[in-house]
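Here the structure is laid out as structure tokens; the discussion comes afterwards.
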Amino acid sequence: MSVHPKKYLGQHFLTDQNIAKNIAATLSGTGYSTVLEIGPGMGMLTQYLLQHSYSTHVIEIDTESIDYLKTNVSELENRIIEGDFLKLDLTEYFDDQVAIIGNFPYNISSQILFRVIEQRHLVPEFAGMFQKEVAERICEKPGSKAYGILSVLTQAFYTPEYLFNVSRFVFDPPPKVASGVIRLRRKEKQELPCDTALFFRVVKTAFQQRRKTLRNSLKSFGLSPSLKEDSIFDERPERLSVSDFVQLTQKIADDSFPTQ
Ligand code: SAH
């Protein structure tokens, strides 16, 4: 008996043992003793995680997969969380650092990443499989077309590495697109030297109109004429590094009459 793949849950089950083993091996295992796998499905990746010395927990939304895991992956014992990762408050289950890994459901992979960034104080390492294009975007440097919200918000707190490509033909059923495996390691500084909520708002607003200069795209911030003279506002968001965005946020926060 195996789990029937459900499209609405982004279920594409990995069929290649070697790839599963390689994904499990991407975690360094240092700086934490607990790992949480998102979306174990039938436990393809889980079986390899369980071979490592850290304690492996899983969170799965699909009751059919949970029944399968309870029957077939008995080593997990009581370390199965039944629920939606997007609604999970890590502090309710973990009181210490926990690495996160998964072969992520592609329809919610960016939201998973944002939830991790929000809960970064507990997550020193994050690794796993994304749609290739998304994996590339997360790792991209300023100046390229793919550089955007995902790149800046991730790189503000984590150092990303693109590790390897995965063909669509090692899944059942095969997804429409190729995949990529990445690893993020948390930076030493978990806070930015600026108002983080404002930083998020500036980055998102700037990239909503990525071809415009910041002077135009950030109009809604009601900036003073003198601040708008600053040459940083001649730039387009794709040319700004994380530290440029931090500086921009500081300037906006210090502006004499912002309306928001
Ligand atoms: N790890 C397995 C399955 C990957 S498919 C493998 O590699 O074969 C993605 C998995 O994520 C599915 O098991 C799906 O049920 C689960 N999933 C989808 N949305 C989820 C959510 N919001 N929270 C937790 N798990 C989720």
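The values are calculated or read from the model by the stated rules, or taken from the named source; none is laboratory data. Given the structure is predicted, the values throughout are model-derived calculations rather than measurements. Note that each Cβ is placed from the backbone with ideal geometry, even for glycine, and that neighbours are counted across all protein chains shown.
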Just for region 221-260: of the residues that are of a type in the set (Val, Ile, Thr) and modelled with pLDDT of 95 or more, which one is farthest from Asp195 (Cα to Cα)? Ile232
Within region 1-39, the residues that are in a loop (DSSP other than H, G, I, E, B), at negative phi, touching a residue at least 40 places away in the same chain (Cβ under 8 Å) and within 22 Å of the chain's Cα centre (by Cα) are Gln11, His12, Thr26, Leu27, Ser28, Tyr32, Ser33
Cβ-Cβ under 6 Å, sequence separation 6+ or interchain: first residue in region 92-108 and part of a helix (DSSP H, G or I), partner modelled with pLDDT of 95 or more. Which pairs? Tyr106/Gly10; Tyr106/Gln131; Asn107/Gly10
Would you mention how many residues in region 210-220 are at pLDDT 95 or above and surrounded by 14 or more Cβ atoms within 10 Å (Cβ to Cβ)? 6
Checking Ser65 against (1) within 13 Å of the ligand (Cβ to nearest atom); (2) among the polar types (S, T, N, Q); (3) assigned to a loop (DSSP other than H, G, I, E, B), the condition it does not meet: (3)
Consider Gly180 carefully, then state whether it is on the phi > 0 side of the Ramachandran plot and in contact (Cβ under 8 Å) with a residue 40 or more places away in the chain. no
Take the conditions over 15 Å from the mean Cα position of the chain (by Cα) and outside any loop (DSSP other than H, G, I, E, B) and apply them to Ala135. Does it pass? no
Filter pass, Phe221 being touching a Pro at 6+ places or on another chain (Cβ under 7 Å) and free of Cβ contacts under 8 Å to residues at least 40 places away in the same chain: yes
Kindly check whether there is at least one residue in region 180-188 that is within 16 Å of the ligand (Cβ to nearest atom) and of a type in the set (A, V, I, L, M, F, W, C). yes
